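K.L.:
Okay, handing you the structure first.
No lab work stands behind these numbers, since they all come straight from the coordinates. Worth saying up front: this structure is predicted, and the values here are computed from it rather than measured. Every residue, glycine as well, gets a Cβ built from its backbone with ideal geometry; the counts of neighbours run over all protein chains shown.
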Amino acid sequence: MPKHQGDGSQESIKDSGEGDPEDENRSPATLWHTMRRIIVFSYPYRYRMLTGLCLTLLATLVWLVIPLGVRSLLDAVFHEGNRDLLDRLAVGLLLLFVFSSLISFGSHYQIEWVGERVVTDLRQTVYTHLHKLGLRFFADHRLGELTSRLTNDVGAVRQAVTRVLIDLLMHGFSLLGSIALMVLLNWRLSIVIFVTIPIVMLISRQLGVKIRVLSRSVQDRLAETTAVAEEALTGIRVVKAFARESYETTRYTNATEDLFNTARKRVVVTAVFSSIIGMLFLFAMVTIFWFGGIEVLEGRLTTGDLVAFIFYAFNIARSVAGISGLYSTVNSAAGASERLFELLETEAEIADSTTAISLASIEGGIAFEHVSFHYEPGTPVLENVSFSIPPGETFAVVGPSGAGKTTLTHLIPRFFDTQSGCVSVDGHDVKELLIKDLREQIGLVAQDVHLFSDSVRENIRYGRLEATDQEIEEAAEMANAIDFINRLPGRFNARVGEKGVKLSGGERQRIAIARALPKNPRILLLDEATSSLDSESEALVHQAMSQLRMGRTTLIVAHRLSTVRHADRILVLDKGRIKESGTHDELLAGKGLYRTYVDMQFRRSDSSQDDFAFLPDRLEEQEL
């Protein structure tokens with residue numbers, strides 16, 4: 001199934017299958033720039049982070065002292081034969097271990113706390129930004145991919161905030177301290193380590209680039225897998241209706257296999273990297289044992305010195321391996337963070353202007369002045385549309401599918417902005433108004449009702465979060481929903497299921513109408529709210545909508561005559577242009593499109609005028 005592709009404004013959101021080729025040329029400076037952007041999120045918690053880092057330094061310092069204690073302990077046994085000194089050194093080493101453990105606990109707790117807090121903040125930031133983006137963005141991107149960024153990508157970034165900072169400081173300080181102490185113990189033996197470290201660093205640089213590319217590819221594949229699963233599970237009724245369970249299972253299997261193959265490649269590269277590094281240090285350790293033994297035999301090194309030297313060699317090996325692994329972690333986190341920053345850098349298509357004005361209350365007058373609009377350049381949806389709705393009146397829009405009817409309703413609350421012309425409310429261009437204030441004055445009831453998997457009460461309260469239980473029950477009664485709600489187990493506390501799956505279409509529509517009532521909007525947009533209902537449900541919804549329309553400016557988009565015939569004015573829209581305008585009787589008296597639609601319906605139905613589908617799907621073949 002093909003993915004939705006974004007337009008030019010969304011090119012910053014990439015769906016790379018095998019990673020961006022440019023990633024292979026990213027320099028350490030670029031990686032550090034990415035890391036700084038991640039670490040900025042920890043700035044509000046800098047004092048806690050600084051405490052954790054200081055404790056990490058102190059714990060590392062203790063570990064650097066321990067080999068010197070072991071050296072003194074061994075020399076006390078083998079050279080001095082001093083039992084009392086042996087006992088004191090052993091107790092001292094035990095106390096150092098306990099002290100080091102306590103410090104390590106404190107440092108890890110402080111930094112891990114910051115990491116979890118940063119992840120929480122980042123998730124909230126990304127989620128908040130998603131809500132600022134317009135409907136066009138969500139039409140161009142799959143929900144599963146966005147969900148993956150909120151979960152998987154943010155989780156990967158956490159490693160950069162916690163492990164990177166701890167390991168960089170701990171291993172860096174341990175590496176430098178161990179090298180300095182090794183040189184003091186025996187500079188000749190230190191040369192073995194000095195030869196090994198540059199080779200390890202070079203290998204880390206080369207394989208780290210490959211790991212970064214594969215890590216980003218894994219995140220992309222994971223997002224694809226999530227998107228496939230979410231699409232199928234969200235549309236599970238369609239899947240089962242067409243018996244496509246095997247097809248969807250195959251799609252998901254293919255996606256997960258792609259994820260596995262990409263992850264396997266990363267595992268291979270990581271395993272090769274670890275094996276080579278381990279082998280190099282094993283060679284170095286054997287050389288140290290051999291050459292160190294010669295130094296002891298020649299009397300230039302004591303047994304305690306050799307053991308301490310080996311401890312420091314292990315420290316260096318552990319530190320270099322840690323820093324090398326850190327480079328891999330940074331690459332992985334950078335791949336995930338780039339996807340997040342690309343999302344955060346996507347500008348909201350619909351946003352308040354710097355001079356936007358507040359509109360606490362309105363009368364509800366609506367005007368379209370020479371409005372033209374397109375979703376894709378070169379494919380106009382509306383062309384030079386002009387009309388006005390006086391406050392409190394009801395206008396209906398009819399026309400064939402694809403005429404631009406729903407788009408009209410989307411322009412009023414600024415779900416999209418016009419390319420030319422002006423949409424105004426009470427004489428104010430909607431682009432000059434605060435979006436929140438504008439939408440608070442508008443109630444929308446659409447054909448495709450979305451209910452949250454919560455109780456009936458909370459779904460109605462969503463229209464106005466401050467609504468009392470009494471107001472919710474009154475809204476349900478006005479929406480002709482009270483009878484079926486009282487029959488539900490738990491009444492208003494009954495849960496409606498995912499997207500209201502436990503309710504019928506008519507029941508969901510009445511819940512949607514009830515949801516709009518506590519908001520008390522001055523403008524009401526009814527977008528084909530009854531087109532998919534049976535006659536009985538339609539009659540109940542019509543009664544509810546009549547209650548809802550009282551005293552409000554209403555724009556109705558409908559395919560049924562019973563829905564629009566009593567409107568104050570009817571607009572006939574075709575191919576993005578208004579072809580006719582008038583009352584039901586005026587339009588019937590003419591010989592235009594409206595009369596043609598009505599005549600066609602009579603010919604296509606044996607039922608009464610109030611009970612048939614109002615418009616054919618397409619009308620291009622009609623002579624207008």
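K.L.:
For segment 28-344, taking Cα atoms only, what is the radius of gyration to one decimal and the Dmax to the nearest whole Å?
P.N.:
Over segment 28-344's Cα set, Rg and Dmax evaluate to 25.3, 87 Å.
K.L.:
So, by mean Cβ neighbours within 10 angstrom, what's the order for 520-526, 253-259, 61-67 with the highest one leading? Please report the intermediate quantities before stating the final value.
P.N.:
Numbers: 520-526: 22.9, 253-259: 15.3, 61-67: 17.7.
Answer by packing, highest mean first, reads 520-526, 61-67, 253-259.
K.L.:
Longer than 26 Å from Cα to Cα, which of K405/K591; K132/K519; K405/K431; K499/K575 are they? Say none if no pair is. Could the numbers behind the result be given before it?
P.N.:
On the way: K405/K591 22 Å; K132/K519 22 Å; K405/K431 21 Å; K499/K575 33 Å.
Going by Cα-Cα distance, K499/K575 fall outside the 26 Å limit.
K.L.:
Long-range amide H contacts for A446: which residues qualify at under 5 Å (H placed 1.01 Å from N, peptide plane, sequence gap of 5 or more or a different chain)?
P.N.:
Under 5 Å from the amide H of A446: D527.
K.L.:
For segment 28-344, with the dipole built from +1 on Lys and Arg beta-carbon atoms and -1 on Asp and Glu ones, taken about the Cα centre, which of F173, V154, V267 lies farthest toward the positive end?
P.N.:
Going by the charge dipole, the pick is V154.
K.L.:
For segment 366-604, just run the numbers: alpha carbon Rg, then divide by 2.2 N^0.38 Å, N being how many residues it has.
P.N.:
Values: Rg = 18.2 Å, N = 239, 2.2 N^0.38 = 17.6 Å.
Its radius of gyration relative to the 2.2 N^0.38 Å reference: 1.03.
K.L.:
Which residues does a label at R88 reach in segment 36-69, if reach means a backbone N under 18 Å from a point 7 Å past the Cα toward the Cβ?
P.N.:
Label zone hits: 66, 68-69.
K.L.:
Starting from the amide H of V397, placed 1.01 Å from N in the peptide plane, find each other amide H under 5 Å away whose residue is 5 or more places distant or on another chain.
P.N.:
For V397, whose amide H was placed from the backbone, the distant partners under 5 Å are I556, V557, A558, L571.
K.L.:
A further question follows. Listing S546, S100 from the residue with the fewest other Cβ atoms within 10 Å to the one with the most, what is the order?
P.N.:
Working: S546 12, S100 18.
Ranked by crowding around the Cβ, least crowded first: S546, S100.
K.L.:
Further question on the same structure: If we count every other residue with Cβ under 13 angstrom of P521's Cβ, Lys/Arg +1 and Asp/Glu -1, where does the sum land?
P.N.:
+4
K.L.:
Moving on. Which FRET efficiency, nearest 0.05, do D140 and D448 yield, Cβ-Cβ r, R0 22 Å? Walk me through the numbers before you get to the answer.
P.N.:
Details: r = 19 Å, r/R0 = 0.86.
E between D140 and D448, to the nearest 0.05, is 0.70.
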